[in-house]
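Structure record follows, encoded as structure tokens.
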Amino acid sequence: MLNEDVNKLKKEIKIKKDFGDIETINVKAESPKEIFSDYNYETNEILNEELESFIVKKAENIPLRSKLRIKIFVNEKDKIDEKEVDDAIKLRFRREFEDYERKLKRNAQLSFILLLIGILFLGFLVLETALLDNYIISIILEIASWVFIWEAVDKFFFERTEIREKRHQFARLYYSQVEVVPLEFKN
């Protein structure tokens, strides 16, 4: 019975979607301060952090193959400029994308350094075995070399995948369609 429920739910989740489907993130913002940071001075260039977190959280649940539309429902009396909202969203998510680009580069550099250290310990192990053949030193050098080599592999192949996914997520958010829909909110 339980297995049937699981399979049934899996089928419901796997509703056929075409590549390039556009998924919509709906946002309700009753005032401009829910969209833009209170610290903006002359222009509304900085996105409200809570709105950013909300959009990122909602986007995490949408398959990466789907394109995004961010539809922001605003109070019609506030006259929110769609271009300002789009610019603030693009600025924020471009910065996040650039941050993950830097993390990818640092990850590759650190992986390479760890691999070199592991190979260096492996070289010391070969020299120690040829010259001294001390059992304890051999074990220590062998463990050290494999720890550094494994850490390089872990960073490069496993951590890098997660960083790439985050980078892809922010690129997708950067290129999302932004719509501002004025509404009359009832209190």
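The values are calculated or read from the model by the stated rules, or taken from the named source; none is laboratory data. This is a predicted model, so every value here is computed, not measured. Heads up, the Cβs are rebuilt from the backbone with ideal geometry, glycines too, and the neighbour counts pull from every protein chain shown.
Residues are listed down the side, and each one gets a yes or a no for (1) modelled with pLDDT under 75; (2) under 30 Å from Leu183 (Cα atoms); (3) exposed (fewer than 10 other Cβ atoms within 10 Å of the Cβ); (4) among the charged types (D, E, K, R):
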position: Asp5; (1), (2), (3), (4): no, no, yes, yes
position: Lys10; (1), (2), (3), (4): yes, no, yes, yes
position: Lys17; (1), (2), (3), (4): yes, no, no, yes
position: Gly20; (1), (2), (3), (4): yes, yes, yes, no
position: Glu30; (1), (2), (3), (4): no, yes, no, yes
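The set of residues in the range 55-103 being hydroxyl-bearing (Ser, Thr, Tyr) and either closer than 18 Å to Asp38 by Cβ or touching a residue at least 60 places away in the same chain (Cβ under 8 Å) (or both) consists of Tyr100 alone.
The set of residues from the range 19-35 being of a type outside the set (S, T, N, Q) and over 22 Å from the mean Cα position of the chain (by Cα) comprises Lys28, Ala29, Glu30, Pro32, Lys33, Glu34. Within the set Phe112, Phe121, the sole residue that is over 30 Å from Asn44 (Cβ atoms), surrounded by fewer than 14 Cβ atoms within 10 Å (Cβ to Cβ) and of a type in the set (Phe, Trp, Tyr) turns out to be Phe112.
Among the residues of the range 141-186 satisfying the criterion of being assigned to a helix (DSSP H, G or I) and among the acidic types (Asp, Glu), which is nearest to Ile35 (Cα to Cα)? Talk me through it step by step, then tell me what you get.
Filtering the range 141-186 down to residues assigned to a helix (DSSP H, G or I) leaves 141-174.
Cutting the leftovers down to among the acidic types (Asp, Glu) gives us 142, 151, 154, 159, 162, 165.
Working: Glu142: 56, Glu151: 42, Asp154: 39, Glu159: 33, Glu162: 29, Glu165: 26 Å.
Per the stated criteria, the residue is Glu165.
Note on the range 21-46: among residues that are out of contact with any Phe, Trp or Tyr (no Cβ under 8 Å at 6 or more places or on another chain) and β-branched (Val, Ile, Thr), the one that is farthest from Asp87 (Cα to Cα) is Ile22. Taken over the range 41-72, the criterion of being surrounded by fewer than 17 Cβ atoms within 10 Å (Cβ to Cβ) and over 19 Å from the mean Cα position of the chain (by Cα) is satisfied by Tyr41, Glu42, Thr43, Glu45, Ile46, Lys71.
When the residues of the range 63-75 are filtered to those that are of a type in the set (A, V, I, L, M) and modelled with pLDDT of 90 or more, which remaining residue is nearest to Ala171 (Cα to Cα)?
Residues of the range 63-75 of a type in the set (A, V, I, L, M): 64, 68, 70, 72, 74.
Restricting the remaining residues to those that are modelled with pLDDT of 90 or more gives 68, 70, 72, 74.
Numbers: Leu68: 11, Ile70: 14, Ile72: 19, Val74: 25 Å.
Top of the filtered list is Leu68.
Within the range 61-87, take every residue that is touching a Leu at 6+ places or on another chain (Cβ under 8 Å) and not hydrophobic (A, V, I, L, M, F, W, C) and give me the one that is nearest to Lys28 (Cα to Cα). Filtering the range 61-87 for residues that are touching a Leu at 6+ places or on another chain (Cβ under 8 Å) and not hydrophobic (A, V, I, L, M, F, W, C), the one nearest to Lys28 (Cα to Cα) comes out as Asn75.
Which is of a type in the set (Val, Ile, Thr), exposed (fewer than 12 other Cβ atoms within 10 Å of the Cβ), out of contact with any strand residue (DSSP E or B) (no Cβ under 9 Å at 6 or more places or on another chain) and at pLDDT 95 or above, of Ile139, Ile149, Ile163? Break it down into steps so the answer makes sense when it comes.
Details: Ile149 fails: exposed (fewer than 12 other Cβ atoms within 10 Å of the Cβ); Ile163 fails: exposed (fewer than 12 other Cβ atoms within 10 Å of the Cβ).
Just one listed residue meets the conditions, Ile139.
Quick one: which residue in Thr43, Thr24 is in contact (Cβ under 8 Å) with a residue 12 or more places away in the chain and closer than 17 Å to Gln177 by Cα? Steps first, please.
Numbers: Thr43 fails: closer than 17 Å to Gln177 by Cα.
After applying the criteria, what remains is Thr24.
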